[in-house]
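Here's the structure, in structure tokens; my notes come after.
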Amino acid sequence: MNKHIAKTVSILELIVSLIMYFAVAYQFDNDPVIMKILPHTDFEATLLRLSIYIIPGINIIAGIFGITFNTKGILCFAGVLEVLAGHLTLYFKGKSDLMNVMGILMIVFGILFILCVLTLKGKGKETKKKRSR
């Protein structure tokens, strides 16, 4: 059951990546808080300019990793990436309520994905004891 939840979350992460691309692009043109940061050349402004690629890219990577791989380490890494993208979204949310909701949603998806992955049971090899007669 947890595997199905994890796959569903991965597909939802891919859908979120599409939404986030357009939301971040729209925010660059219309949010006064973001427009004040963009002209600067410091680390924060550079990260903000790159966020149009970073946030949807992390969502795409996390979604594809969740669908493709079965290794717990890689899947946990994908969940941590999703939480990172949510934190980055909340940091650069500006005055947008959509960005606030999407950031919280990404953090919830990431934590839910990590919990599902950590509770998965592996296909352990079962060995049968031979009866001695």
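The values are calculated or read from the model by the stated rules, or taken from the named source; none is laboratory data. Predicted, not measured: the structure shown is a model, and the values here were computed from it. Virtual Cβ from ideal backbone geometry, glycine too; neighbours counted across all protein chains shown. For accessibility, only protein heavy atoms count, side chains too; no ligands or nucleic acids. Shrake-Rupley method; radii C 1.70, N 1.55, O 1.52, S 1.80 Å.
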When you count, for each residue, the other Cβ atoms within 10 Å and take the mean per peptide, how do 59-66, 110-117, 33-40 rank with the highest first? 59-66, 110-117, 33-40
Roughly what would the spin-label model give for Phe22 and Ile37, points 7 Å off Cα along C-beta, in nm? 2.3 nm
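Remind me, what semi-axes does segment 17-83 give for its equivalent ellipsoid, largest first in whole Å, using sqrt of 5 times each Cα gyration tensor eigenvalue? Before the final figure, lay out each step's value.
Working: eigenvalues 169, 33, 10 Å².
Semi-axis lengths for segment 17-83 are 29, 13, 7 Å.
Accessible area per residue of the chain at 1.4 Å probe, in Å²? Walk me through the numbers before you get to the answer.
Working: 8720 Å² over 133 residues.
Here the residues of the chain average 66 Å² of exposed surface.
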Chymotrypsin sites (Phe, Trp or Tyr not before Pro) restricted to DSSP loop in segment 2-43 with at most 10 other C-beta within 10 Å: none
Choice from Leu84, Leu98, Leu75 with maximal GNM fluctuation in the chain (Cα, 10 Å cutoff): Leu98
Would you work out which of Phe69, Leu50, Ala25 lies farthest towards the positive end of the dipole of the chain? Charges go on Cβ: Lys and Arg +1, Asp and Glu -1. Phe69
Just give me a number: lysine pairs in the chain, eight or more positions apart or cross-chain, with C-alpha atoms less than 25 Å apart. 14
